[in-house]
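For reference, the structure discussed in these notes is given below.
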Amino acid sequence: MTSDILKLPTGFGRLWTAQTVSSLGDGVSHAALPLLALTLTRDPMALAAVTAAGTLPWLLFGVLGGALVDRWDRRRTMWVSDAARAVLLAMPAAAAALDVLSIALLATVAFLLGLGGLFFDTAATAYLPDLLGRDPALLERANSRLRGAQTAMSGFAGPPAGSALLALGRAVPLLADAVSFLLSALLVRTLPAVPRPVPKVRESLLRQARAGASYVFRDRVLLGLALRPAVGNVAFLAVETVLALFARDRLGIDTYGFGLLLTAEATGGLLGAGIASYLGRRLGTGTALTCTAAVEGLAILGLAAAPNPYVAGLALAVCGAGMGATMVLGPSLRQAIVPAHLMGRVASTSRMLAMCAAPVGAFLGGWLATAYDIRTPLYAAAVLLLAMTAVTASMTSNRRVEAALCAADPTGPDHPASQDPVQKSAPDVL
């Protein structure tokens, strides 16, 4: 019996439910916040400031946050972070109800929400392999379900709901997201406790943070997995910053139509998450990651040249499929090969590289749209994504992935990592 037919533990169901509920609220805000900002200003740089503010915590506290997560109880870190974000969202909701909402307040709230997300996401990433016994096949299956639910809720169901709730009042979508965070916190509190490694020597926080970052930069596979989303975020944030304006001015899409446009991307993401394991089996994880990078670049190129909303929706769906598969294969591989006592720091370092790139993309998108044309950020994003294909091919090839899984096997040939039929049977075509 292989690990492919083992059942996920009961605790995973509660984690899945918590993240599904929270993702629905995130989807509501994802559509509502750009539209809410558009009611205050049409300045692309001001919109970019709001978008970038949510990513700044990773730039300022990313590696230190991972070191703290490796010290703290990971389950407690998750539910406290979600509870704090629920309370935080009451601020812009009250400001919207009192008609005193401003770009500065939206940017501040985005920053604090991003800080809460830093701790929650890092703790959840570190908690999952402990819950599943670091089994590569179970991790891939679990991440597929988590990513599928996140895509369905945050992209498919949430955006149309956010657009509709915004029509009822500017505070309504913010309150809906607050409720989702509160429900998630309550569910996370019921998760089972899992043992976590205790360091033999008590090191300073800075030393621990530096050790986690060094581990990523010394490992070619981990560095490749970290650079992929970093370059991708420059491209995707350049697109996201101007997408609402692009949809309205170039495609003639109204408020409700913008929510449907985001739904198209989410539909593709749901499909990509569902077929990620199949791609890994047929192509190998490394080759699959290379192919998804190329697909994303070509899809954004199609979006930039789209003559109507239907072509734009198709392009976003294809791009979403590439992103969905990537977000299953990449994290699953990282969770399988990183030692448990470093998981929080490695995860936060990798995420920090990706998130630090996001403000660059946001301001790049705003500047290109202001200096040139609203389509220019999309063309620039496509070029970056296509260039990333070569990086992915060389650093995360099938041969390197297989070697990393073998090196991570702590018990010998009977350990699931060395028995994984997905990686062992994959041809090294690159």
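The values are calculated or read from the model by the stated rules, or taken from the named source; none is laboratory data. No experiment lies behind these values; they were computed from the predicted model shown. Using ideal geometry, Cβ is built from the backbone for each residue, glycine included, and neighbour counts are taken over all protein chains shown. Accessible surface areas use protein heavy atoms only, side chains included; no ligands, DNA or RNA. Shrake-Rupley method; radii C 1.70, N 1.55, O 1.52, S 1.80 Å.
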Legend entry - Accessible area in square angstrom per residue, the chain, 1.4 angstrom probe: 40
Inset, instruction - Could you please put 73, 249 in sequence from largest to smallest accessible area, using a 1.4 Å probe? - result: 249, 73
Inset, instruction - Give me the compactness ratio for the stretch 228-267, meaning the Cα radius of gyration over 2.2 N^0.38 Å. - result: 1.28
Inset, instruction - Take the Cβ-Cβ distance between residue 310 and residue 94 as r, set R0 to 45 Å, and report the resulting FRET efficiency rounded to the nearest 0.05. - result: 0.70
Inset, instruction - Would you mind computing Rg(Cα) / (2.2 N^0.38 Å) for the stretch 346-406, counting N as its residues? - result: 1.51
Inset, instruction - Rank 252, 366, 27 by mean-square fluctuation in a GNM of the chain with C-alpha springs under 10 angstrom and give only the top-ranked residue. - result: 252
Legend entry - Distance in nm between pseudo-label sites at residue 104 and residue 204 (7 Å out along the Cβ direction from Cα): 3.7
Legend entry - Rg over Rh, two decimals, the stretch 111-181 (C-alpha only, Kirkwood Rh): 1.09
Legend entry - Fraction of the pair-distance distribution of the chain above 43 Å, Cα-Cα pairs, percent: 8
Inset, instruction - Quote the relative contact order of the chain in percent (integer), defining contacts as alpha-carbon pairs under 8 Å separated by 6+ residues. - result: 28
Inset, instruction - Calculate, for residue 17 and residue 371, the FRET efficiency according to 1/(1 + (r/R0)^6) with r their C-beta to C-beta distance and R0 51 Å; round to the nearest 0.05. - result: 0.65
Legend entry - Over the stretch 42-173: Kirkwood hydrodynamic radius from C-alpha pairwise inverse distances, Å: 16.8
Inset, instruction - Choose one answer from 63, 239, 100: the residue with the largest mean-square fluctuation in a GNM of the chain with alpha-carbon springs under 10 Å. - result: 100
Legend entry - In order through the stretch 385-391: 3J(HN,Hα) via Karplus (6.51 cos²θ - 1.76 cosθ + 1.60), integer Hz, x for Gly, Pro: 5, 5, 5, 5, 4, 5, 5
Inset, instruction - Summarise the accessible area of the chain (1.4 Å probe, protein heavy atoms) by the percent that is carbon and sulfur. - result: 66
Inset, instruction - Give, rounded to the nearest 20 debye, the magnitude of the charge dipole that the chain has about its Cα centre when Lys and Arg contribute +1 at Cβ and Asp and Glu contribute -1 at Cβ. - result: 880
Inset, instruction - Could you work out which residue, out of 99, 135, 70, moves most in a Gaussian network model of the chain, that is, has the largest mean-square fluctuation with Cα springs under 10 Å? - result: 99
Inset, instruction - Would you work out which of 117, 309, 261 lies farthest towards the positive end of the dipole of the chain? Charges go on Cβ: Lys and Arg +1, Asp and Glu -1. - result: 117
Inset, instruction - Please work out how much length the chain gains when fully extended from residue 41 to residue 218, using 0.36 nm per residue of separation minus the C-alpha to C-alpha distance, in nm with one decimal. - result: 59.3 nm
